[in-house]
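> This is the structure, below, for whatever I ask next.
The values are calculated or read from the model by the stated rules, or taken from the named source; none is laboratory data. Just so you know, these numbers come straight off a predicted model, no measurement behind them. Every residue, glycine among them, receives a Cβ derived from its backbone with ideal geometry; neighbour counts consider all protein chains shown.
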Amino acid sequence: LVNAWTQTPTKWFPLPLAVGALLLVAMQYRKNSARAKEVVVDEHGIEVVKLRGPWHVHVIGALPLRNMSRLWGYINSLELPVWFRPIGFRLYAGVFGCNLDEVEHDDLRTYKSLGDFFYRRLKEGVRPVDPAVLVSPADGRILHFGSIHPHERTVEQVKGVTYSLDALLGVDRPGSPPPTPVIMHPNSMPVVDEHDFANVNGIEYTLDQLMGTSATPTSEDVPHKFGDQVDASVDDQDQVDSVAVARELGVRPSLQRTPSMTPRAGNDLFFTVIYLAPGDYHRFHSPTAWVVEKRRHFVGELFSVSPWMANRLPNLFVLNERVALLGKWKHGFFSMVPVGATNVGSIMLNFDSELRTNVRGKRPPPGTFTEAVYSSASKILNGQPLTTAQEMGGFCLG
Amino acid sequence: STIVLVFEAPADFEFSVEAGQKIQVGQKLGDV
């Protein structure tokens, strides 16, 4: 034994890289499989959604998707040489199926970068609006639609793969500070006369909403630095002060004014999911006449949301960064949730210039959100009124 | 990117689309 120990020569040889990578993947898979069996809840008993799925989903999840997305956005914001723009954009249009006859500017040299072209507008009148009560908010493909089971409160991502409605839209957490009112900038949106809007679109508002406006913060009342409020993990002193000022002024959150997500008698909850492919027009419009009362910004991952991924990753739309817009229409509760993806991590809202998505910095705990209310946009309607097919915002590269 | 709509409507609301169908802005999604 002593001889073998001292005299046997040590022969080193390289382990193939693939074996090492496979070993790491297997270890990660075992670790995540064990985690998948646990249901993690926060201090309020609300389930915290974690990454679950087959091994290749975990491999993708291990990538720095948010950094990749921002790098992608930066690269595509670089100004292209004027001579190259028509060639490059025609090539892009050919690969991804864009109809160049519809774009606002016939002269493609007008678009300075791929990001600029990606966020293009369309010519006036190329998208006629159907008189139906609900129209498509975007160009894309219907992934799924249906009704939501009133007791299970789950939404089908694709057939057989569900996620929680509460996780998607967020729930009010007891004890959390009131949401920050957004300071609406003058002329940020076309002015809509509140009475006409309500009369034409059949929006009902209560006497309390009409008369209770003295408690509604305005841009003059509340010297708020809008934005990121409310989450206890945000330690910006200005924001803490703003919330304190709002409390002193007696500003109450308008949460109670939003219709409940529980439908009234005779009504049901419905959902639809629309996927926008890379070549599609990437601005989104109002799908109906409604009032946006609040927005909840969930900072999350930026997985691809392609149908391939939607079929493999449960809770995809709950894991990804998204902006849940909550409000009301003539039939009660209404919400619209633009969900970001790796290539399009930036979500823009025309009526909310302060919203910033896919930014660097410390990320809040999973499942938490920052909330803002649009009560200052319209005192009578208690939110931002939108008419059918009105442009609301869009997705930008990176 | 994806857009999810969740809304309350009368129980007789009917979608006028099919899964997998291509759709454009302003096209009918459903009606009461």
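> Here is a list: A:Gly279, A:Gly327. Which entry is more than 12 Å from the chain's Cα centre (by Cα), crowded, with 21+ Cβ neighbours inside 10 Å and more than 9 Å from chain B (Cβ to nearest Cβ)?
Details: A:Gly279 fails: crowded, with 21+ Cβ neighbours inside 10 Å.
After applying the criteria, what remains is A:Gly327.
> Something else: Among strands (runs of 3 or more DSSP E) lying entirely in the stretch A:307-388, which contain 2 or more residues that are of a type in the set (Val, Ile, Thr)?
Numbers: elements: A:322-329, A:332-339, A:346-349, A:370-373, A:384-386.
Of the strands (runs of 3 or more DSSP E) lying wholly inside the stretch A:307-388, those with at least 2 residues that are of a type in the set (Val, Ile, Thr) span A:332-339, A:370-373.
> Something else: Tell me yes or no: at least one residue of the stretch A:74-84 is within 14 Å of chain B (Cβ to nearest Cβ) and surrounded by 16 or more Cβ atoms within 10 Å (Cβ to Cβ). So that I can check it myself, show each step before the final result.
Going residue by residue through the stretch A:74-84, those that are within 14 Å of chain B (Cβ to nearest Cβ) are none.
No - not one qualifying residue is present in the stretch A:74-84.
> Another one. Considering only residues that are part of a strand (DSSP E or B) and modelled with pLDDT under 70, which ones fall in the stretch A:147-161? Talk me through it step by step, then tell me what you get.
Here is the first cut: in the stretch A:147-161, the residues part of a strand (DSSP E or B) are A:147-148, A:154-158, A:161.
Passing the criteria: A:Glu156, A:Gln157, A:Val158, A:Val161.
Conditions (1) at pLDDT 80 or above; (2) surrounded by fewer than 23 Cβ atoms within 10 Å (Cβ to Cβ), marked per residue:
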{"site": "A:Thr357", "(1), (2)": "yes, yes"}
{"site": "A:Arg360", "(1), (2)": "yes, yes"}
{"site": "A:Pro366", "(1), (2)": "no, yes"}
{"site": "A:Ala377", "(1), (2)": "yes, no"}
{"site": "A:Ile380", "(1), (2)": "no, yes"}
{"site": "A:Gln384", "(1), (2)": "yes, no"}
{"site": "A:Ala389", "(1), (2)": "yes, yes"}
{"site": "A:Gly394", "(1), (2)": "yes, no"}
{"site": "A:Leu397", "(1), (2)": "yes, no"}
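> Collect the residues in the stretch B:1-17 that are more than 7 Å from chain A (Cβ to nearest Cβ) and not polar (S, T, N, Q), keeping them in residue-number order.
From the stretch B:1-17, those more than 7 Å from chain A (Cβ to nearest Cβ) are B:12, B:14, B:16; that's our starting set.
Within the stretch B:1-17, B:Asp12, B:Glu14 meet the criteria.
> Another question about this same structure. What tally of residues in the stretch A:307-316 results from selecting those that are surrounded by 24 or more Cβ atoms within 10 Å (Cβ to Cβ) and within 15 Å of A:Leu169 (Cβ to Cβ)?
Filtering the stretch A:307-316 down to residues surrounded by 24 or more Cβ atoms within 10 Å (Cβ to Cβ) leaves A:313, A:316.
The next check asks that each one be within 15 Å of A:Leu169 (Cβ to Cβ); those that pass are none.
Total meeting the criteria: 0.
> Could you please find all residues in chain B being buried (at least 20 other Cβ atoms within 10 Å of the Cβ) and out of contact with any strand residue (DSSP E or B) (no Cβ under 7 Å at 6 or more places or on another chain)?
Within chain B, no residue meets the criteria.
Residues are listed down the side, and each one gets a yes or a no for (1) over 19 Å from A:Thr288 (Cα atoms); (2) of a type in the set (Ser, Thr, Tyr):
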site	(1), (2)
A:Phe317	yes, no
A:Val323	no, no
A:Thr342	yes, yes
A:Phe351	no, no
A:Glu354	yes, no
A:Pro364	yes, no
A:Ala372	yes, no
A:Ser378	no, yes
A:Leu386	no, no
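> Still on this structure, please answer the following. Looking at A:Phe89, A:Phe118, which is the one that is surrounded by 14 or more Cβ atoms within 10 Å (Cβ to Cβ), at pLDDT 90 or above and under 21 Å from the mean Cα position of the chain (by Cα)? Explain how you work it out, then say what you get.
On the way: A:Phe89 fails: under 21 Å from the mean Cα position of the chain (by Cα).
Answer to the selection: A:Phe118.
> Determine, yes or no, whether A:Leu313 is more than 9 Å from chain B (Cβ to nearest Cβ) and not polar (S, T, N, Q). Spell out how you get there, then give the answer.
On the way: more than 9 Å from chain B (Cβ to nearest Cβ): yes; not polar (S, T, N, Q): yes.
Taking the combined requirement at face value, the residue satisfies it.
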